[in-house]
Amino acid sequence: MRGLPIASLLGLAACDLAFGIEPPPDCPVLADHDEDADGLDDNCDPCPFKPDNRGDDDDDGIADACDPEPAIPNVRLLFTGFGVGSLTAFSVTGGGGIANDAFHVSTTAHLLWTSEPLDRVWIVAGVTVNALGDGGYREIGVIVDGSPGPDARPNGTFCTFGKTGDGRSYIGNFIAARPANDISIASSEPSFPIEGLVDGSLVAWHELAASPSLTCAFRTATSETSTSGTRTPAPPAGRIGLTALSIDADFSYLFVVGRP
Ligand SMILES: [Ca+2]
Ligand SMILES: [Ca+2]
Ligand SMILES: [Ca+2]
Ligand SMILES: [Ca+2]
């Protein structure tokens, strides 16, 4: 949600530039965007995608409701609520773009964060499914170990949920690697309804030295399902990002958290 209403700014001690007050050291740059509409700019908000900012048991600056590891100190590496102009931090292939305060995909698109390769990271992404393509695999998810491939889809390990051409819903780990000489992955595919999904989230943990190297969970307000996968041998650490294939969907935010 864009902008900060005046009423919010009046109560915004942590980030109030309207009255010439310097932001605190933990809020060096304003994003000029308030994803959860709680009056705190994304870059000043200890829980940037939920209004519940209470509590920080491990004192790492990430409030408990948004902390993927509430008892382990983490490092916040990235949060974007996909406001206007936010795509400059990413490389995008396919037809994705910013619309209605989200990274909107009308058919197929992939996004990679233009950072250094990352290991030992959590990736949390807000997702909404608007409509599925007509047939084949229709899916949406996150990428780890992503690197540009020879075609539009990046190489990498994917945690996605989706639907097959024969109507089966799934959540699973998949890889795309070209040349395909390191493929060995375990996946589970519990049934999961994808159509009409609103405000779900994908939460993935990636650690190259661990087996499985990728675990992920899909969450809604009422349910959670999870899977994990191992890619052998482990690929080089790569960039992280988002993917959508033959689907009309929105990513409302992307949160990347490291474990030192
Ligand atoms: Ca906020
Ligand atoms: Ca918040
Ligand atoms: Ca915390
Ligand atoms: Ca933590």
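The values are calculated or read from the model by the stated rules, or taken from the named source; none is laboratory data. Model, not experiment: these values are computed from the prediction. For neighbour counting, all protein chains shown are included, and Cβ atoms are generated from backbone atoms with ideal geometry for every residue, glycine included.
One table, with the values for the structure above:
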read-out: Where Leu254 falls short, out of the listed (1) among the aliphatic types (A, V, I, L, M); (2) modelled with pLDDT under 85; (3) crowded, with 21+ Cβ neighbours inside 10 Å; value: (2)
read-out: Residues (within 15 Å of ligand 1 (Cβ to nearest atom), within 15 Å of Leu254 (Cα to Cα) and in a loop (DSSP other than H, G, I, E, B)) located in the range 42-81; value: Asp45, Pro46, Cys47, Pro48, Phe49, Lys50, Ile62, Gly81
read-out: Per-region count, the range 89-99, residues outside any strand (DSSP E or B) and either crowded, with 21+ Cβ neighbours inside 10 Å or at pLDDT 95 or above (or both); value: 1
read-out: First in the range 46-73 and without any contact (Cβ under 8 Å) to a residue 12 or more places away in the chain, second anywhere and among the β-branched types (Val, Ile, Thr) and within 16 Å of ligand 1 (Cβ to nearest atom), Cβ under 9 Å, 6 or more apart; value: Asp56/Ile62
read-out: Selection within the range 79-121 - within 20 Å of Cys44 (Cα to Cα) and touching a residue at least 40 places away in the same chain (Cβ under 8 Å); value: Phe79, Thr80, Gly81, Phe82, Gly83, Val84, Ser86, Asp101, Ala102
read-out: Single unsatisfied condition, Pro28 versus (1) at pLDDT below 95; (2) within 13 Å of ligand 1 (Cβ to nearest atom); value: (2)
read-out: Selection within the range 126-149 - acidic (Asp, Glu) and outside any strand (DSSP E or B); value: Asp134
read-out: Considering residues of the range 210-260 that are more than 16 Å from ligand 3 (Cβ to nearest atom) and charged (D, E, K, R) only, the residue nearest to Asp42 (Cα to Cα); value: Asp250
read-out: Meets criteria (away from ligand 2 (no atom under 16 Å from the Cβ) and part of a strand (DSSP E or B)) for Ile123; value: yes
read-out: Gly83 vs. criteria more than 10 Å from ligand 2 (Cβ to nearest atom), surrounded by 16 or more Cβ atoms within 10 Å (Cβ to Cβ) and under 21 Å from Gly146 (Cα atoms); value: no
read-out: Qualifying residue in the range 67-76 (condition: more than 12 Å from ligand 2 (Cβ to nearest atom), buried (at least 19 other Cβ atoms within 10 Å of the Cβ) and either over 15 Å from Val124 (Cβ atoms) or not acidic (Asp, Glu) (or both)); value: yes
